[in-house]
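Peer 1: Below is the structure I would like to discuss, written out as structure tokens.
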Amino acid sequence: MAAAPLTRPGTVPVADRQTMHVPLYKVLLHNDDHNTMEHVVRVLLHVFKFEKERCERIMLETHNHGVALCTVEPLEQAEHHRDQLQSFSLIATIEPE
């Protein structure tokens, strides 16, 4: 007869726990007629610490299509990044993934 796995009373074995998924949110940057392309790239570099090429791609997508996806992340971090972008006079929103 096989021995039962040892667990503390009131605990659940790891294999029986359900994985919790944190909801993710998209941080979107919207085009405007006020900020220069250089300013947008500088802000993206500062806020996200992305490589310059990635920031330039996001800026160009925003300029050409009106909106671009910056990143996907948990709500609190997405709100923080949106607020940072807005503090530099950029138009940014978040929405559920």
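The values are calculated or read from the model by the stated rules, or taken from the named source; none is laboratory data. Values in this document were obtained by computation on a predicted structure and should not be read as measured data. Virtual Cβ from ideal backbone geometry, glycine too; neighbours counted across all protein chains shown.
Peer 1: In segment 17-53, what residues are buried (at least 16 other Cβ atoms within 10 Å of the Cβ), within 16 Å of the chain's Cα centre (by Cα) and more than 18 Å from residue 97 (Cα to Cα)?
Peer 2: 43, 44, 47, 48, 50
Peer 1: Please count how many residues of segment 17-45 are free of Cβ contacts under 8 Å to residues at least 40 places away in the same chain and of a type outside the set (A, V, I, L, M).
Peer 2: The number of residues fulfilling the criteria is 8.
Peer 1: For the list (1) at negative phi; (2) small (Gly, Ala, Ser); (3) at pLDDT 95 or above, I need the number of the one condition that residue 66 fails.
Peer 2: Result: residue 66 passes all but (1).
Peer 1: Going by the structure shown, is residue 69 surrounded by 15 or more Cβ atoms within 10 Å (Cβ to Cβ), within 15 Å of the chain's Cα centre (by Cα) and not aromatic (Phe, Trp, Tyr)? So that I can check it myself, show each step before the final result.
Peer 2: Details: surrounded by 15 or more Cβ atoms within 10 Å (Cβ to Cβ): no; within 15 Å of the chain's Cα centre (by Cα): yes; not aromatic (Phe, Trp, Tyr): yes.
Criteria not met by residue 69.
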